[in-house]
Amino acid sequence: MAVKNSLLHIRKELELYVGEKIKLRANRGRRKTFEKVGVLESTYPSIFIICVDEENYRQRLSFSYADVLTETVELTLYGNENKKIACCTGE
């Protein structure tokens, strides 16, 4: 039950930032991490979408709330690197 409540908490917090520019840091395993800056486009019951506009193309990335819970994905407010979004430490 605690995990389900944590996932719901993450989703509710992310809903507050829809339309905001955020910095994404994702760990893809074996020391492969990438960082992108994009806009939190929308939230759905099990995933959220981040739209990344780069020089030559537009990309939509989707992640689950479990990715945030397990700290595979870290989200921070762009321009305020100290403001983590939906961080689960200390709960």
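Numbers at a glance
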item	result
Once exposed loop chymotrypsin sites (Phe, Trp or Tyr not before Pro) are cut out (DSSP; at most 15 other Cβ, 10 Å), longest piece of the chain	1-56
Cβ-derived FRET efficiency at R0 22 Å, Lys4 paired with Lys84, nearest 0.05	0.50
Ascending count of other beta-carbon atoms within 10 Å, so fewest first, for Thr33, Thr43, Thr72	Thr33, Thr72, Thr43
Residue order, fewest to most surrounding Cβ atoms within 10 angstrom, among Val39, Val73	Val39, Val73
Lys pairs under 22 Å by Cα in the chain, provided they are eight or more residues apart or on distinct chains	16
Angle between the chain longest axis and helix 2-15 axis [Cα atoms, degrees, rounded to 10]	40 degrees
Relative contact order (%) - criterion: Cα under 8 Å, at least six apart; region: the chain	28 percent
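Every number here is computed from the coordinates shown, using simple stated rules; none is lab data. Here the structure is a predicted model, which means the values were calculated and not measured. All Cβ positions, glycine included, derive from the backbone under ideal geometry; neighbour counts span all protein chains shown.
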